[in-house]
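The values are calculated or read from the model by the stated rules, or taken from the named source; none is laboratory data. Fair warning: this is a prediction, and the values are worked out from it, not measured in the lab. Cβ coordinates were reconstructed from backbone atoms using ideal geometry, including for glycine residues, and neighbour counts include every protein chain displayed.
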Amino acid sequence: MKDGRELSVPEVRSQIPHGVQDRFMVEAARRRQVEAVLREQFCRWGYQEVITPTFEYYDNLTVGASPDLQQAMYRFFDRDGHTLALRADFTPQIARTAATKLYDQPMPLRCFYIGSLFRYEEPQAGRKREFTQAGVELIGADTPAADAEVVALSVAALETLNLPNFQVNLGQMAFFHAVTTGLSPESVTAIREAIDRKSTARLARALAAPDVTTSQRELLARLSDWVGETEVLEEARALSTSLPEAAAAMAAIDRLADVYRLLQVYGIGHRVILDLGEVRGMDYYTGITFRGMVPGLGWPVLSGGRYDNLIANFGRSLPAVGFGLGIERVLLVQSQHGMTGPSIIPHLLVQGCDHSTCYHLVQRLRARGCRIEVDILGLSGPELHHLARQRGISRTLRCAGKAWVLSDERGDRLLTESELWQEVEAWLAGESLPGRR
Amino acid sequence: MNPLTIALPKGRLLDPAVDRFRRLGWNCRLDNGSRQLLFTETRRVPASEGLHAERCEELIRFLLVKPADVPVYVEYGAADLGIVGQDALWESGRDVYEPLLLSFGHCRLVLAGTPAQRGRNFRLATGLRVATQYPRLTRDYFQKQGLSVELIPLSGSVELAPLVGLADLLVDIVETGRTLDENGLIELDQIAASQATVIVNRVTYRLRLSEVRQLLSSLRSVDQGEIP
């Protein structure tokens, strides 16, 4: 059992289930770097991490979940016969935590999470059956300022990740709910699906249902056109006056206008497009909804919205707004744009040596931030160079009594300790450290 | 900015689709005999669309793919838009926008069988076998009626299946019904009516809204026979 010789094992040992994957070397480092960048950004905005269990009672995880999402959950039983599930969405877990553990903390609560979700779906666009999501929830405040903060934080997150030319579309589910008040659930579903597919033919059929009033019909036929800046809100207001629930519709538009104005104050108006035709999202959304999109990726990288009724299912009524961002999708976009990961290859491969001065030097270099691999196989000089080349390490170092032999692309040089330190400072300066941008 | 990329389906919808683009002024070299699969084409922007005087020549890219693959290219964003029959779109189950129906490619998805199947009560049948190129739509159709059938997915000549005892029934698209007729089969039920539709990637639609709207509106007018 030595030397990585190939041994005979059942073929299945090399297989992993469809929809999961191993990440290693630079791919693992890239993912951790994205997580670190987001964690730091969320912390800077005053959000604190919540770490929730990977699995819990199925009934808790399905609160507010659409039938499709419930269908996609991995379910299993514990030994007492309870049905458990792997989490497929963080928001119900954060809602449970807020309502049952954190309810007497000073409001509002600012929480973030980073972790794996599990959905039994066909993998698409970087999203496997196990995938990573990072997100925030702002709980206990139902104000335009809360909505705007969360949208602004989503923009800040995409900016820190250096995603090029991204755009955030901002919609308002409360407006759609107000406009469709009084319609049968079947009509609302048909209308919502038609608008969600931008299908004028299907929408015309759905709007022909007898319970749809003329004012509702006129407005809903135009809904998908209202994408742009504040002028679309004016058009929506004009057609809302004769609705059965005109006041609620106006309030929804006013709210959206307030949020949009605040986003201008944040200086990120150019990143945000108003989109009243956006009617997709989690079933629990009750107010603004938004999606972040990047050219070159067919799916949004983040989505979020306001959900004022979800937490009440866990025993306390608390308004909330949040978003989740797909880490693998971010990684996909970053690699499409040739963004490389952090440096993980050691700066230096050091020949094994039993001089304590040599080990002390190595330890001090490591403390300074150098990545150093020390040979433990007793390799000769040529073997050391060969290993360094294979690993992509561009320098080797050998102890030569009171001095050191550094081998790099400039050849072999005999250096004093202080000369070596000068070299080290130059390497470190030439490399941006992970997480610093 | 990259040119918009349009996925076009090989087969019966290609000629009418290409015709729409030619009438919009696009140089289109592709047809069903093309070996080349990726075409970058140009046109001079007509005065009616000349919002930007400096943009007098425009670029567009066409991909030539199998009809069933058009929704895949568009959902992934490898193509921004596509033209495809609704039958292929529904069968694919892909998540794309379908903002514009076009006036060609009309056909119907039907349940058919030998005349002996007429009036048969399928609820009382067991082990019913159905041959089709549309397994997803066929399963949905029978599931909605609470029926569980054995699907036999085939990739062509579905009409043969009931004649040689491979299946009791078939689900396929018909345009005129002549193929059914010539094989001594009859239509038992219409499952859906289909026509060509423009589909758009959900992200492209938002990120390049004005270009997409411009293209949709000119396709709409040329499709309705108006001179662009």
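Summary table below
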quantity: Within region A:181-290, helices (runs of 4 or more DSSP H) holding 2 or more residues that are over 24 Å from A:Gly305 (Cα atoms) and more than 27 Å from the chain's Cα centre (by Cα); calculated: A:200-207, A:214-222, A:230-240
quantity: Only one of B:Leu170, B:Leu154 that is buried (at least 19 other Cβ atoms within 10 Å of the Cβ), touching a Ser or Thr at 6+ places or on another chain (Cβ under 9 Å) and not assigned by TED's automatic domain parsing to the domain that holds B:Arg12; calculated: B:Leu170
quantity: Output for region A:393-432, where each listed residue is of a type in the set (S, T, N, Q) and more than 26 Å from A:Met339 (Cβ to Cβ); calculated: A:Thr396, A:Ser407, A:Thr416, A:Ser418, A:Gln422
quantity: Residue match in region B:195-213 (condition: surrounded by 14 or more Cβ atoms within 10 Å (Cβ to Cβ), without any contact (Cβ under 8 Å) to a residue 60 or more places away in the chain and either of a type outside the set (Lys, Arg) or not in a helix (DSSP H, G or I) (or both)); calculated: yes
quantity: A:Gly296 being assigned to a loop (DSSP other than H, G, I, E, B) and surrounded by fewer than 20 Cβ atoms within 10 Å (Cβ to Cβ); calculated: yes
quantity: Qualifying residue in region B:50-57 (condition: away from chain A (no Cβ under 14 Å) and either at pLDDT 95 or above or surrounded by 17 or more Cβ atoms within 10 Å (Cβ to Cβ) (or both)); calculated: no
quantity: Hits in region A:271-303 (condition: among the charged types (D, E, K, R) and within 11 Å of another protein chain (Cβ to nearest Cβ)); calculated: A:Asp275, A:Glu278, A:Arg280, A:Arg291
quantity: Some residue of region A:301-312 being touching a Leu at 6+ places or on another chain (Cβ under 6 Å) and part of a strand (DSSP E or B); calculated: yes
quantity: Matching residues in region A:162-172 - criterion: being assigned to a loop (DSSP other than H, G, I, E, B) and more than 14 Å from chain B (Cβ to nearest Cβ); calculated: A:Asn162
quantity: Any pair with Cβ under 7 angstrom, 6 or more apart, that starts in region A:171-187 at a residue that is in contact (Cβ under 8 Å) with a residue 60 or more places away in the chain and ends at one that is among the aromatic types (Phe, Trp, Tyr); calculated: A:Gly171/A:Phe290; A:Met173/A:Tyr285
quantity: Enumerated helices (runs of 4 or more DSSP H) restricted to region A:24-141, each holding at least 3 residues that are in contact with a helix residue (DSSP H, G or I) (Cβ under 7 Å, 6 or more places away or on another chain) and crowded, with 17+ Cβ neighbours inside 10 Å; calculated: A:25-44, A:91-100
quantity: Which numbered condition A:Arg306 misses (of (1) among the basic types (Lys, Arg); (2) more than 14 Å from chain B (Cβ to nearest Cβ); (3) surrounded by fewer than 22 Cβ atoms within 10 Å (Cβ to Cβ)); calculated: (3)
quantity: Criterion (within 19 Å of A:Leu161 (Cβ to Cβ) and in a helix (DSSP H, G or I)) met by exactly one of A:Glu383, A:Glu328; calculated: A:Glu328
quantity: Qualifying residue in region A:145-161 (condition: under 30 Å from A:Arg261 (Cα atoms), in contact with a strand residue (DSSP E or B) (Cβ under 6 Å, 6 or more places away or on another chain), within 14 Å of chain B (Cβ to nearest Cβ) and surrounded by 19 or more Cβ atoms within 10 Å (Cβ to Cβ)); calculated: yes
